[in-house]
Amino acid sequence: MNSQRPFKQRYSFEFFPPKTPAGMEKLQTVRDELAKRNPDFFSVTYGAGGSTQERTINTVVNLHKQGISTAPHLSCIGATTETLTELLDLYKANDIQRIVALRGDLPSGMGAHGELRYANDLVEFIRKHSGDHFNIEVAAYPEFHPQAANAEQDLINFKRKVDAGANSAITQYFYNIDSYFYFVDRVETMGIDIPIVPGIMPITNYSNLIRFSDMCGAEVPRWIRKQLEAYGDDIESIKKFGEEVVTEMCERLLDEGAPGLHFYTLNQAEPSLNIWDNLSLSDQEKIAF
Ligand code: FAD
């Protein structure tokens, strides 16, 4: 099995842009809690073709000013190169240095792909327009992207993003460690040597997790599903079990050489912080191996 050992470990937390002033206030509290752990960066999601785009921009610029580097997610599906250019310029003017570059998914009913069809086109576009200004993150799928023609094609398509200029990748969440290390092994044999950081989804709820995982192609292993199902409405037991399972998974990922962790916080501090503290990440020196 491969370890991504030559890389400095890095830790990040992902938010979504809140819809309401109350949501923004809550995010501020969550941000303040997480900022105490001094992560390497925050990131904020972006809705392809949707009305959340303005909220992403405002949230990113606001959080970035508060001292911890904040990266916008940026998707190209349904977008024009003109709006992408404006956004890149705006982020650069606000001293944003990292972007998570994605194809995105169009809301149902919205048909047009836009000028850039896949994430590799967006990475190429960002490099052409902004040179080396941005550190570009792309998405990786250890359990393969649900729309991929097949697993081999998906790996080839991942390589296109790296060849276009991506600096590092964040994975879709997974609960099967072997899928991550197999993915890392496979892409390294293809000559890819960027850090591939596991995306971590804390488990706090049964039905939402199953619904979301079905949509994005992440597999919840049967033993986890069955155990969560057995807890029914007992939220405390779900959270306790989820925390144990995900902490142990992160521990093994880091022990075996994963170059950091990226937490999908869903704008909640506690689940990610509990895992962080269980792993004693604040005590750990993030050194280059
Ligand atoms: P791509 O890399 O373009 O891949 C999409 C599909 O097309 C794959 O099946 C791939 O195999 C295939 N493909 C890729 N390139 C080619 C090519 N050149 N020719 C033919 N086929 C190709 N979604 C949001 O809407 N907003 C977000 O903020 C957001 N953040 C995310 C963050 C992370 C870390 C991850 C893992 C996902 C995120 N997503 C987000 C979800 C993501 O947008 C979807 O999974 C989307 O379906 C694919 O985006 P991508 O960038 O991986 O696409």
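The values are calculated or read from the model by the stated rules, or taken from the named source; none is laboratory data. Everything numeric in this text was worked out from a predicted model, so none of it was measured. Note: ideal-geometry Cβ built from the backbone for every residue, glycine included; neighbour counts use all protein chains shown. Heads up: the accessible areas ignore ligands, DNA and RNA and are worked out on the full protein's heavy atoms, side chains in. Shrake-Rupley method; radii C 1.70, N 1.55, O 1.52, S 1.80 Å.
Quick notes on this structure:
- Residues (assigned to a helix (DSSP H, G or I), within 26 Å of Phe181 (Cα to Cα) and charged (D, E, K, R)) located in region 218-277: Arg222, Arg225, Lys226, Glu243, Glu244, Glu248, Glu251, Arg252, Asp255, Asp277
- Just so you know, in region 125-153 the residues that are among the charged types (D, E, K, R) and surrounded by fewer than 19 Cβ atoms within 10 Å (Cβ to Cβ) include one that is farthest from Gly199 (Cα to Cα), and it is Lys128.
- Test: residue in region 173-192 that is modelled with pLDDT of 95 or more and over 16 Å from Tyr141 (Cα atoms): yes
- Some residue of region 125-141 being closer than 17 Å to Thr45 by Cβ, within 19 Å of the chain's Cα centre (by Cα) and not hydrophobic (A, V, I, L, M, F, W, C): yes
- Residues of region 79-114 that turn out to be under 28 Å from Ile196 (Cβ atoms) and open to solvent by 60 Å² or more (accessible area, probe 1.4 Å), as a count: 5
- Each residue in region 6-24 was checked for being within 15 Å of the chain's Cα centre (by Cα) and more than 15 Å from Thr171 (Cα to Cα), and 3 of them qualify.
- Flag for Asp214 being among the acidic types (Asp, Glu), modelled with pLDDT under 95 and over 23 Å from Phe41 (Cα atoms): yes
- Some residue of region 83-91 being aromatic (Phe, Trp, Tyr) and under 25 Å from Ala218 (Cβ atoms): no
- Filtered residue count, region 183-207, keeping only those that are assigned to a helix (DSSP H, G or I) and within 18 Å of the chain's Cα centre (by Cα): 2
- Restricting Lys159, Lys92 to residues that are modelled with pLDDT of 95 or more, under 30 Å from Glu54 (Cβ atoms) and assigned to a helix (DSSP H, G or I) narrows the list to Lys92.
- The selection criterion, being over 17 Å from the mean Cα position of the chain (by Cα), surrounded by fewer than 20 Cβ atoms within 10 Å (Cβ to Cβ) and either modelled with pLDDT of 95 or more or not small (Gly, Ala, Ser) (or both), does not hold for Ala164.
- Scanning region 20-68 for residues that are farther than 23 Å from Val138 by Cα, of a type in the set (Gly, Ala, Ser) and open to solvent by 30 Å² or more (accessible area, probe 1.4 Å) turns up Ala22, Gly67.
- Selection from region 254-268 of residues that are of a type in the set (A, V, I, L, M, F, W, C) and under 16 Å from the mean Cα position of the chain (by Cα): Ala258, Leu261, Phe263, Leu266
- Answer residue from region 160-173, given it is more than 10 Å from the ligand (Cβ to nearest atom) and of a type outside the set (Gly, Ala, Ser) and is farthest from Ser43 (Cα to Cα) among those: Asp163
- Here Ala71 clears all of (1) closer than 30 Å to Ala148 by Cα; (2) open to solvent by 20 Å² or more (accessible area, probe 1.4 Å); (3) among the hydrophobic types (A, V, I, L, M, F, W, C) except the condition numbered (2).
- Total residues in region 250-289 satisfying the condition of being open to solvent by 10 Å² or more (accessible area, probe 1.4 Å) and of a type in the set (A, V, I, L, M, F, W, C): the figure is 8.
- Complete set of residues in region 103-138 that are touching a helix residue (DSSP H, G or I) at 6+ places or on another chain (Cβ under 8 Å), of a type in the set (A, V, I, L, M) and away from the ligand (no atom under 11 Å from the Cβ): Ile126, Ile136
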